[in-house]
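Note sheet for the following structure.
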Amino acid sequence: MRKFINIADINKKDLRLIINNAKSRKDKRSGLNKNAIDPDAPLDGKILIMIFEKPSTRTRISFDIAVKQLGGKSLILNPDEIHYGTGNESLYDTAKILSQYADVVMLRTNAHKYAEQFSKYLDVPLINGLTDLSHPCQIMSDIMTFEELKGPIKNKKIAWLGDGNNIVYSLIEAAVQFDFELSIASPKSYEPNKNILQWAKKNNGNVLLTKDPLKAASDADCIMTDKWISMGEKINKNKKKKALKPYQVNKKIMNVANKDAIFMHCLPASRGEEVTNEVIDGRQSAVWLEALNRIHAQKSIIEWCLK
């Protein structure tokens, strides 16, 4: 049984198949209405159950549309309204119950360990819709978007500026699996997880860590960032914003990247903090295509899980 929790756990060949299938499905939908079902309807009779512990706009909507375009159905659950490892029902029992009702489960959770534990108990595939440690579906969409605009990502340079958060964790895994150069600029207190950096080094990943945002952005094919304050993060927000202020993606940063470089952001964005309006609304911005491609990348991930 397949599961999609960490990009690092999936072999390079399968990851490439997922990306290529996503591109193919998108191309074949040319001219179709947004709610139209793909002609082959591979998920006819199938159901996706989604559990959201954290707020969501793009993940919720894109997965719902994705499964419906594939001909399936979806059911969205709020943990506060079900027995989800609480009360008299264990997480094991919840997983076994959902296995009777669903063909695949998508979980957006606060703790990565819950996703891994839940997956072990489920008898159906689990897709990681975001954890505190990683966000693999977002990065698969980002790769699809990059290649749609810039061609093969192999050997290209991606620059990340700002907080070394869960998005960066999955981006580092992708740098190894898709063979691209990744340059990360973060202040000392907000660098990426040391374990994933060690994993990347062990697996010959071309990953550079620096405190200099201009060095990271220099000659990059794509500049990426994210909100400085993550959902539910209990920290001194003013202190963190002050530390990350030099890492704002602005015109100066974009000017040291390649002339045809693109800008990506997983959204939502705090305009005026991690990115200026001039950049996110500018001609180099790919954020809206990036959001759209969540649908197509996730369609392919769902299909791969059910094969």
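Please treat every number below as a calculation from the coordinates, not as lab data. The shown structure was predicted, so the numbers you read here are calculated from the model rather than taken from an experiment. Methodologically, a virtual Cβ is constructed for each residue, glycine included, from the backbone with ideal geometry; neighbour enumeration extends over all protein chains shown.
So here's what we get for this one:
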| item | result |
| --- | --- |
| Rh (Kirkwood; distinct C-alpha pairs) - segment 126-256, Å | 15.0 Å |
| Per-peptide average of other Cβ atoms within 10 Å, ordering 1-10, 165-174 highest first | 165-174, 1-10 |
| Dipole of the chain, positive end: most advanced residue of C137, I5, I223 [Cβ charges, Cα centre] | I223 |
| Sequence-separation-based contact order of the chain, relative, with Cα cut under 8 Å and 6+ spacing, percent | 21 percent |
| Calculated on alpha-carbon atoms, Rg and Dmax of segment 41-107 in Å | 12.6, 39 |
| Only Lys, Arg (+1) and Asp, Glu (-1) charged, at Cβ; segment 153-307 dipole about Cα centre in debye | 500 debye |
| Normalised alpha carbon radius of gyration of the chain [divisor 2.2 N^0.38 Å] | 0.98 |
| Per-residue HN-Hα couplings for segment 204-221 [Karplus 6.51, -1.76, 1.60; θ = phi - 60°; Hz; x = Gly/Pro] | 6, x, 8, 10, 10, 10, 9, 9, 9, x, 5, 5, 5, 7, 4, 6, 6, 8 |
| Charge dipole (debye, nearest 20) of segment 95-166; +1 at Cβ of Lys and Arg, -1 at Cβ of Asp and Glu | 180 debye |
| For peptides 55-65, 189-199, 125-135, sequence by mean Cβ density within 10 Å, most packed first | 125-135, 55-65, 189-199 |
| Point-to-point label distance, K259-S189, nm (Cα→Cβ direction, 7 Å offset) | 4.1 nm |
| Around I229: net Lys/Arg minus Asp/Glu count, Cβ-Cβ under 15 Å | +4 |
| Amide H within-cut-off set for M106, under 5 Å, with H built and near neighbours excluded | I49, M50, I51, I127 |
| Sum of -39500 (n - 2.57) over DSSP H runs of 4+, divided by residues of the chain (222 nm, nearest 500) | -12500 deg cm²/dmol |
| Cβ crowding within 10 Å averaged over residues, with 263-272, 21-30 ranked highest first | 263-272, 21-30 |
| Percentage relative contact order, segment 163-307, counting C-alpha pairs under 8 Å, at least six apart | 21 percent |
